[in-house]
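Undergrad: Take this structure, written in structure tokens, and hold onto it; I'll ask about it next.
The values are calculated or read from the model by the stated rules, or taken from the named source; none is laboratory data. This one's a predicted model, so the numbers in the text were calculated from it and none came from an experiment. Heads up, the Cβs are rebuilt from the backbone with ideal geometry, glycines too, and the neighbour counts pull from every protein chain shown.
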Amino acid sequence: MKTLDKFYIDGAWTASQGGREFPIMNPATEGQIGTVMLGTADDVNRAVVAASKAFVSYSKTTKAERLALLRALQQVLIARNDEMGDAISQEMGAPITLARSAQAGCGHRHAAAFITALEALEEQQSLPNGDIVQMDPIGVCGLITPWNWPINQIAQKVMPALAVGATCVLKPSEHTPLSAALFSECVHEAGYPAGVFNLVFGDGPTVGSAMSRHPDIAMMSFTGSTRAGAFVSCDSSETVKRVALELGGKSANLVFADCDLEACVTASVSRCFLNTGQGCNAPTRMLVERSCYDAVLDLARSTAESQAIGDPAKEGGHIGPLFDEMQYDRVQKMIQVGIDEGARLLAGGLGRPDGLETGWFVKPTVFADVHNDMRIAREEIFGPVLSIIPFDTEDEAVQIANDSVYGLASYLQTGSATRARRVAAQLQAGNVAINGQGTSYGSPFGGYKQSGNGREGGAFGLEEYLEIKVMPSIDAMEESGRFTHP
């Protein structure tokens, strides 16, 4: 049993000021593997005080100094990658192969991308009119991250904040504290000054709200559900702080008959099931041209039926369980909704897979003959559930894809480069993948509409944590004799 009863504040692990214990569960066994202490508003305040104090000196560090620290963090994350993957696999059920390669591995890969972005960042720029733009770190940042890709989101928030000279307080998901604690150890090992990075475990209504409402936190960056993001925005409005949100999605995947159907459809279904469907940008709505509809249904069914499911502690390309009982119940409810709405159950369905009676395992499920006004086509299910919708024309496909309150990602399968350019330009989404080719580390990630605002990753991610100051050129003024002293 792992006990996390301290928070990382001002460079040291310190006890809570009166929090409560919360169980850490293994979703594959349904057994408790540890406890984490959830903090209070007083714990948040201690962390903010430490971050505010550290900001005074850290905000004045040079880019070279911050690059050295970021490179050190990158190397620590590489050295502890497998340890991080093990923690993620145990606490949220990602299969160990995925947990070590993609889940943990994204930490040091994001570090590499932010190093490149920081190297290129011009902290002072001249405008065509002669004025000077100065980029300043925004201040103390409150960061709230989810359980489904824990280190990915921690890296996407902590690294750019520290890279530009801001300081931060992190509240990771209370469901995945093992990886967050390990990340804190990595920050410490990398040599960041005390108070620059702080960690407080806690729940949203207590610790999250205390952060959003805190007058000395200059900005909030949140990743999670659209509903929770709205609460963060409301709480933050009291102090008019900057808010960056990466929220839900119901990503459309447009499949045209001129693509390589077998390759594209098989990969698309597998991508929907990745991480057991627990991804905000998962391609959960497959829009299929009617002329190839039946062929696509056959491919989708066979891919779903051949999808391996199993113990996340074992190596392999299988999927694991959902992360907890509440999510399992929600996915089961939504599968029943799809059946009740009249969608055709093509694969999977209710209940656990055969032989997996313990753990929050679900059947990879595919619905056919879905209409875009059905709940299973409009609501984020956050499980391995795919809805397939037919279309007749390209314009209809684009209309269906954009008919959503979300706009995080879209996917496009076509054999025509001309069509790819034309359709991608019309999709209302922050990211578009084409024929299985997604975007790379260092590119901005974020969404349109209720999928959030702001961007994470690379140069755009750095900008989220910077304030813009404009002034006349002092050099030009000096040259023109506007000063009486040097």
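Undergrad: Give just the number: which of (1) at pLDDT below 95; (2) out of contact with any Lys or Arg (no Cβ under 9 Å at 6 or more places or on another chain) does SER270 not satisfy?
TA: Here SER270 clears every test but (1).
Undergrad: How many residues are buried (at least 24 other Cβ atoms within 10 Å of the Cβ) and in a loop (DSSP other than H, G, I, E, B) if we restrict to region 174-194?
TA: 1
Undergrad: If ASN253 satisfies all but one of (1) part of a strand (DSSP E or B); (2) in contact with a Gly (Cβ under 8 Å, 6 or more places away or on another chain), what's the number of the condition it fails?
TA: (2)
Undergrad: From the set of residues in region 134-164 that are in a helix (DSSP H, G or I) and either among the hydroxyl-bearing types (Ser, Thr, Tyr) or under 10 Å from the mean Cα position of the chain (by Cα) (or both), which is surrounded by the fewest Cβ atoms within 10 Å (Cβ to Cβ)?
TA: Step one: filter region 134-164 for residues in a helix (DSSP H, G or I), giving 150-164.
If we keep only those that are either among the hydroxyl-bearing types (Ser, Thr, Tyr) or under 10 Å from the mean Cα position of the chain (by Cα) (or both) as well, we get 150-157.
Values: PRO150: 28, ILE151: 30, ASN152: 24, GLN153: 26, ILE154: 27, ALA155: 26, GLN156: 26, LYS157: 26.
Going through the qualifying residues, I end up with ASN152.
Undergrad: Would you say GLY320 is surrounded by 22 or more Cβ atoms within 10 Å (Cβ to Cβ), touching a residue at least 40 places away in the same chain (Cβ under 8 Å) and closer than 30 Å to LEU462 by Cα?
TA: Details: surrounded by 22 or more Cβ atoms within 10 Å (Cβ to Cβ): yes; touching a residue at least 40 places away in the same chain (Cβ under 8 Å): yes; closer than 30 Å to LEU462 by Cα: no.
No.
Undergrad: Also, quick follow-up: Condition check: surrounded by fewer than 23 Cβ atoms within 10 Å (Cβ to Cβ), in contact with an Asp or Glu (Cβ under 9 Å, 6 or more places away or on another chain) and in contact (Cβ under 8 Å) with a residue 24 or more places away in the chain. Does MET211 satisfy that? Reasoning before the result, please.
TA: Values: surrounded by fewer than 23 Cβ atoms within 10 Å (Cβ to Cβ): no; in contact with an Asp or Glu (Cβ under 9 Å, 6 or more places away or on another chain): yes; in contact (Cβ under 8 Å) with a residue 24 or more places away in the chain: yes.
No, not satisfied.
Undergrad: Need pairs with beta-carbon distance below 8 Å; first residue closer than 14 Å to SER209 by Cα and within region 43-54, second among the hydroxyl-bearing types (Ser, Thr, Tyr) and not in a helix (DSSP H, G or I); sequence gap 6+ or separate chains.
TA: Once the first residue is closer than 14 Å to SER209 by Cα and sits in region 43-54, its partners that are among the hydroxyl-bearing types (Ser, Thr, Tyr) and not in a helix (DSSP H, G or I) give ASP43/SER16.
Undergrad: Here's a follow-up. How many residues does region 352-378 hold that are within 15 Å of SER251 (Cα to Cα), crowded, with 17+ Cβ neighbours inside 10 Å and of a type in the set (D, E, K, R)?
TA: Number of matching residues: 0.
Undergrad: Within the set of pairs 6+ apart or on separate chains, which have a first residue in region 222-244 that is under 17 Å from PRO150 (Cα atoms), a second that is assigned to a strand (DSSP E or B) and of a type in the set (Val, Ile, Thr), and C-beta atoms under 8 Å apart?
TA: Between residues of region 222-244 that are under 17 Å from PRO150 (Cα atoms) and residues that are assigned to a strand (DSSP E or B) and of a type in the set (Val, Ile, Thr), the close pairs are PHE222/ILE144; PHE222/VAL243; THR223/ILE144; GLY224/ILE144.
Undergrad: Looking at region 467-477, can you tell me whether even one residue there is of a type in the set (D, E, K, R), within 30 Å of GLY130 (Cα to Cα) and in contact (Cβ under 8 Å) with a residue 40 or more places away in the chain? Talk me through it step by step, then tell me what you get.
TA: So in region 467-477, the residues of a type in the set (D, E, K, R) come out as 467, 469, 475.
If we keep only those that are within 30 Å of GLY130 (Cα to Cα) as well, we get 467, 469, 475.
Subset that is in contact (Cβ under 8 Å) with a residue 40 or more places away in the chain: 467, 469.
Yes.
Undergrad: Would you confirm, using the coordinates I've provided, whether SER184 is out of contact with any helix residue (DSSP H, G or I) (no Cβ under 9 Å at 6 or more places or on another chain) and either farther than 15 Å from PHE222 by Cβ or of a type in the set (Gly, Ala, Ser) (or both)? Lay out the reasoning, then the answer.
TA: Numbers: out of contact with any helix residue (DSSP H, G or I) (no Cβ under 9 Å at 6 or more places or on another chain): yes; either farther than 15 Å from PHE222 by Cβ or of a type in the set (Gly, Ala, Ser) (or both): yes.
Yes, satisfied.
Undergrad: Checking PHE483 against (1) in contact with a helix residue (DSSP H, G or I) (Cβ under 7 Å, 6 or more places away or on another chain); (2) in contact (Cβ under 8 Å) with a residue 12 or more places away in the chain; (3) not assigned by TED's automatic domain parsing to the domain that holds PRO160, which test does it fail?
TA: Unmet for PHE483, out of (1) in contact with a helix residue (DSSP H, G or I) (Cβ under 7 Å, 6 or more places away or on another chain); (2) in contact (Cβ under 8 Å) with a residue 12 or more places away in the chain; (3) not assigned by TED's automatic domain parsing to the domain that holds PRO160: (2).
Undergrad: Which of the following residues is farther than 22 Å from ILE434 by Cβ, assigned to a helix (DSSP H, G or I) and hydroxyl-bearing (Ser, Thr, Tyr): SER270, SER291, SER236?
TA: Working: SER270 fails: farther than 22 Å from ILE434 by Cβ; SER291 fails: farther than 22 Å from ILE434 by Cβ.
Result of the check over SER270, SER291, SER236: SER236.
Undergrad: Does GLU238 meet the test of being over 20 Å from the mean Cα position of the chain (by Cα) and modelled with pLDDT under 95? Walk me through how you get there before you give the answer.
TA: Numbers: over 20 Å from the mean Cα position of the chain (by Cα): yes; modelled with pLDDT under 95: yes.
For GLU238, the condition - over 20 Å from the mean Cα position of the chain (by Cα) and modelled with pLDDT under 95 - is met.
Undergrad: Among all residue pairs at least 6 apart or on different chains, which show Cβ distances below 6 Å where the first residue, located in region 252-263, is of a type outside the set (Ser, Thr, Tyr) and surrounded by fewer than 19 Cβ atoms within 10 Å (Cβ to Cβ) and the second is outside any strand (DSSP E or B) and at pLDDT 95 or above?
TA: That search, which allows pairs on different chains as well, returns ALA257/SER291; ALA257/CYS292; ASP258/THR414; ASP258/GLY415; ASP258/SER416.
Undergrad: Then there is this: From ARG80, ARG66, grab the single residue that is buried (at least 17 other Cβ atoms within 10 Å of the Cβ), more than 15 Å from TYR192 (Cβ to Cβ) and in contact with a Leu (Cβ under 9 Å, 6 or more places away or on another chain). Break it down into steps so the answer makes sense when it comes.
TA: Values: ARG66 fails: more than 15 Å from TYR192 (Cβ to Cβ).
On inspection, the qualifying residue turns out to be ARG80.
Undergrad: Also: Scanning for something of a type outside the set (Gly, Ala, Ser), surrounded by 24 or more Cβ atoms within 10 Å (Cβ to Cβ), closer than 23 Å to TYR448 by Cβ and touching a residue at least 12 places away in the same chain (Cβ under 8 Å), does region 395-403 turn up at least one residue? Quick ask: steps written out before the conclusion?
TA: Initial filter on region 395-403 (of a type outside the set (Gly, Ala, Ser)): 395-396, 398-400, 402-403.
Next cut, surrounded by 24 or more Cβ atoms within 10 Å (Cβ to Cβ) only: none.
No, region 395-403 contains no residue that is of a type outside the set (Gly, Ala, Ser), surrounded by 24 or more Cβ atoms within 10 Å (Cβ to Cβ), closer than 23 Å to TYR448 by Cβ and touching a residue at least 12 places away in the same chain (Cβ under 8 Å).
Undergrad: Looking only at residues that are loosely packed, with under 14 Cβ neighbours inside 10 Å and in contact with a helix residue (DSSP H, G or I) (Cβ under 8 Å, 6 or more places away or on another chain) in region 288-317, which one is nearest to GLU396 (Cα to Cα)?
TA: GLY317
Undergrad: What tally of residues in region 22-39 results from selecting those that are part of a strand (DSSP E or B) and either within 12 Å of ASP203 (Cβ to Cβ) or more than 26 Å from the chain's Cα centre (by Cα) (or both)? Break it down stepwise before answering.
TA: Restricting attention to region 22-39, the residues satisfying the condition of being part of a strand (DSSP E or B) are 22-26, 31-38.
Still in the running and either within 12 Å of ASP203 (Cβ to Cβ) or more than 26 Å from the chain's Cα centre (by Cα) (or both): 22, 31, 36-38.
Final tally of qualifying residues: 5.
Undergrad: Just give me the residues in region 63-103 being in contact with a His (Cβ under 7 Å, 6 or more places away or on another chain) and β-branched (Val, Ile, Thr), in sequence order.
TA: If the condition is that a residue be in contact with a His (Cβ under 7 Å, 6 or more places away or on another chain) and β-branched (Val, Ile, Thr), then ILE78 is the only one that fits.
Undergrad: Being over 24 Å from ASP294 (Cα atoms) and small (Gly, Ala, Ser) is the filter here, so list the residues in region 314-364 that pass it.
TA: GLY316, GLY317, GLY320, GLY351, GLY355, GLY359
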